[in-house]
Amino acid sequence: MSTPLGDHVWLKKYPAGVPPTVEIPNLLVTELVQRTVERWGDRPAMLYYGAKWTYRRFWAESERFAAAMRRDGIGPGDRVALYLPNTPLYPIALFAALRLGAIVVQVSPLYLGQDLARILKDSGPKALVTLEILAPNVAKIRADYPIPVVYVARLREFYPWYKRPFVNSVLRKRQMPTEFPTDTWVHPYSAAARTQGPVDLFRADPAQTVAIYQYTGGTTGLPKAAMLTHRNLVANVTQSNTWNTSRVPGHEVVLAAIPFFHIYGLTVALLMGFADGAAVVIQNRPDIPELLGLIDRYQPTQFPGVPALYNGFIHQPDIARHRIHSIKYCLSGSAPLPLEVAKTFESLTGGNVVEGYGLSETSPATHVNPLVGERRPGSIGLPLPNTEERIVDLETGTRELGVGEVGELSVRGPQVMLGYFGHPEETAAVLKDGWFRTGDVAKIDADGYAYIVDRKKDMVNVGGMKVYPREVEEVLFQHPAVADAAAIGVPDPEHGEVIKAFVVRKPGATVTEADLIAFVRERIAHYKAPRTIEFRDALPRSGVQKVLRRVLRDAPADAAAGAPPSATTPAK
């Protein structure tokens, strides 16, 4: 069932002010935010542990950084990797690169070793921006990919002067660097940010100009970059802000606890706020006690998050003493939102929390439940303005199914990516006539509400972070004691899902669960590492020797014939 634009569902189910179609400004992301700077230049753009950047100050510092990048040879079409946690440097560097017409490569600060080298080799950045705490990871992979220009900032540079000694002491306690290396390849950010000279905004067709490389697993599980254009991002910001009928432009405060390197955090926590003149409260990482302190101090009105974050929030024992009633509404994404978590959150704050849906390839949002109106339990909601939905058969993806029938969810709209960088076959497999095949099994009811039934892909969702079994298995296979391996997702009360691995040892090998978990954690992001490992004599395989993950998911632990029981205590 395809939902055409202008369908009566929007007019009946959504509150007044949310049309089925909206006009998407024909602007680059930089031009969109420049309008905000011109209108709300003296309003806070970023609030960071006591430090404040007005829109005018942020824009000026970003322009100076752009001048340094231009001096160092960065121009239109060049790639600039951002290897950063949430700090003010992220939006400063983001808009410096986009001002020059460069493409920003989103790199998780949790990546190291193989993860980091793989993305840098694939995207080929001419420059990378990072912090002193992450610079050692860059140094370790420079033999595999020597990036020409690496800008390194000290974390303390972005804190108020009176907090900088405290930042250094915390880093030292965690045995993290407090100074950046003195190698010739390091360009100090402090010097770059003082570069003078006006830098005009790069101008081009927003629909054909790529702004972001957002890495995702596509259909194979190996990382590939979804090419998101300026129009994709501007469209999704416009669609999402149109949906949010209760916002007051120029007066909102957004709590940005979710990571900017994830497309959900970039669009929903940063770009939507910047387009609306909001003050964005930046948190390094989503620590709940610290988050509550930020709420007390800055009184945010918007709190985008993931279910694990809201679940941690509602279970804080001292929640009643915090000033949480400033929160008006929240959008939950990246994983299914339990109904009880939503109800408890709303009863505590008095605000609304609704579930939405999206993917890296769609900038990300395609569906959301009404903020004011009927929210249907278990549903990801209705399509955003200018977005069409349909269910197609799982086998061919060409036959459209009817109301309530289960198949693959496909969407079409201005937020859908240009394609995968360097992967035309992968692009052709998921994109046809503007329709994007999401890879998620779903159904649509008679009113247009969509429901995710299952995943077509084997992706595991660890607290909102995507993990593909294949990349975990590749690392396990590198261990000399491993003969065979498979990874799956298993339920976890804190993270939604975590990785469990099944391993067949080589004859005579005595490797332990703890040994293998430590081996994996040294090579890829910690959240990707197995929490438990079950040893077996053999793995279930199909006639063409594919591992039957379904059998592993459904079978009780240690049920393989002849497999001795094994300890599977979670890694701490």
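The values are calculated or read from the model by the stated rules, or taken from the named source; none is laboratory data. Quick caveat, the model's predicted, so the values are computed rather than measured. With ideal geometry, Cβ positions are generated from the backbone for all residues, glycine too; neighbour counts draw on all protein chains shown.
Of the residues making up region 180-213, those that are assigned by TED's automatic domain parsing to the domain that holds residue 102, in contact with a helix residue (DSSP H, G or I) (Cβ under 9 Å, 6 or more places away or on another chain) and under 22 Å from residue 134 (Cβ atoms) are 180, 181, 183, 185, 186, 187, 189, 190, 191, 192, 193.
Contact annotation: residue pairs with Cβ atoms under 7 Å, 6 or more positions apart or on different chains, pairing a residue in region 152-171 that is more than 12 Å from residue 49 (Cα to Cα) with a partner that is basic (Lys, Arg), are 168/156.
Among the strands (runs of 3 or more DSSP E) confined to region 64-137, the ones with at least 1 residues that are touching a Pro at 6+ places or on another chain (Cβ under 7 Å) and closer than 17 Å to residue 233 by Cβ are located at 79-83, 103-107. Within region 320-340, the set of residues being assigned to a helix (DSSP H, G or I) and surrounded by 16 or more Cβ atoms within 10 Å (Cβ to Cβ) comprises 324, 326. Based on what the data block shows, is residue 248 without any contact (Cβ under 8 Å) to a residue 40 or more places away in the chain and surrounded by fewer than 23 Cβ atoms within 10 Å (Cβ to Cβ)? Against the criterion (without any contact (Cβ under 8 Å) to a residue 40 or more places away in the chain and surrounded by fewer than 23 Cβ atoms within 10 Å (Cβ to Cβ)), residue 248 qualifies.
This table checks each residue for (1) modelled with pLDDT of 90 or more; (2) of a type outside the set (Val, Ile, Thr); (3) part of a loop (DSSP other than H, G, I, E, B).
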site: 144; (1), (2), (3): no, yes, yes
site: 156; (1), (2), (3): yes, yes, no
site: 181; (1), (2), (3): no, yes, yes
site: 187; (1), (2), (3): yes, yes, no
site: 201; (1), (2), (3): yes, yes, yes
site: 211; (1), (2), (3): yes, yes, no
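For region 231-245: of the residues being assigned to a helix (DSSP H, G or I) and farther than 15 Å from residue 362 by Cβ, which is modelled with the highest pLDDT? By that ranking, first place goes to 241.
So is residue 75 surrounded by fewer than 22 Cβ atoms within 10 Å (Cβ to Cβ), without any contact (Cβ under 8 Å) to a residue 40 or more places away in the chain and more than 21 Å from the chain's Cα centre (by Cα) or not? Yes; evaluated as a whole, the condition is true for this residue. One residue stands out in region 284-319 among those that are of a type in the set (Phe, Trp, Tyr) and not in a loop (DSSP other than H, G, I, E, B): the one that is nearest to residue 159 (Cα to Cα), namely 298. In the set 362, 396, 387, 366, only one residue is polar (S, T, N, Q) and more than 23 Å from the chain's Cα centre (by Cα); that residue is 396. Based on what the data block shows, is residue 481 outside the structural domain of residue 116 (by TED's automatic domain parsing), free of Cβ contacts under 8 Å to residues at least 40 places away in the same chain and touching an Asp or Glu at 6+ places or on another chain (Cβ under 9 Å)? Spelling it out, residue 481 is indeed outside the structural domain of residue 116 (by TED's automatic domain parsing), free of Cβ contacts under 8 Å to residues at least 40 places away in the same chain and touching an Asp or Glu at 6+ places or on another chain (Cβ under 9 Å). Quick one: would you say residue 490 is in a strand (DSSP E or B), surrounded by fewer than 19 Cβ atoms within 10 Å (Cβ to Cβ), of a type outside the set (D, E, K, R) and modelled with pLDDT under 90? Against the criterion (in a strand (DSSP E or B), surrounded by fewer than 19 Cβ atoms within 10 Å (Cβ to Cβ), of a type outside the set (D, E, K, R) and modelled with pLDDT under 90), residue 490 does not qualify. When the residues of region 377-405 are filtered to those that are surrounded by 18 or more Cβ atoms within 10 Å (Cβ to Cβ) and small (Gly, Ala, Ser), the one that is farthest from residue 364 (Cα to Cα) is 379.
Quick check, is residue 221 modelled with pLDDT of 95 or more, of a type outside the set (Ser, Thr, Tyr) and surrounded by fewer than 22 Cβ atoms within 10 Å (Cβ to Cβ)? It is false that residue 221 is modelled with pLDDT of 95 or more, of a type outside the set (Ser, Thr, Tyr) and surrounded by fewer than 22 Cβ atoms within 10 Å (Cβ to Cβ).
Filtered by the rule that a residue be hydroxyl-bearing (Ser, Thr, Tyr) and not in a helix (DSSP H, G or I), region 28-57 gives 48, 49, 54. So the check is Cβ under 8 Å with 6+ separation or different chains; which pairs have a first residue in region 410-427 that's within 17 Å of residue 387 (Cβ to Cβ) and a second one that's among the basic types (Lys, Arg) and surrounded by 23 or more Cβ atoms within 10 Å (Cβ to Cβ)? Sorted first by the residue in region 410-427, then by its partner, the pairs are 414/231. Summed over region 138-150, the residues that are crowded, with 17+ Cβ neighbours inside 10 Å and either without any contact (Cβ under 8 Å) to a residue 60 or more places away in the chain or not assigned by TED's automatic domain parsing to the domain that holds residue 195 (or both) give a count of 4.
Restricting region 167-179 to residues that are under 24 Å from residue 92 (Cα atoms) and not β-branched (Val, Ile, Thr), the residue that is modelled with the lowest pLDDT is 179.
Evaluated against (1) out of contact with any Leu (no Cβ under 9 Å at 6 or more places or on another chain); (2) part of a loop (DSSP other than H, G, I, E, B); (3) under 24 Å from residue 338 (Cα atoms), residue 250 falls short on exactly one condition, (3). May I ask you to list the residues in region 367-423 that are of a type outside the set (Val, Ile, Thr), more than 12 Å from residue 356 (Cα to Cα) and part of a strand (DSSP E or B)? Answer for region 367-423, where residues must be of a type outside the set (Val, Ile, Thr), more than 12 Å from residue 356 (Cα to Cα) and part of a strand (DSSP E or B): 388, 389, 390, 400, 407, 408, 409, 410, 412, 419, 420.
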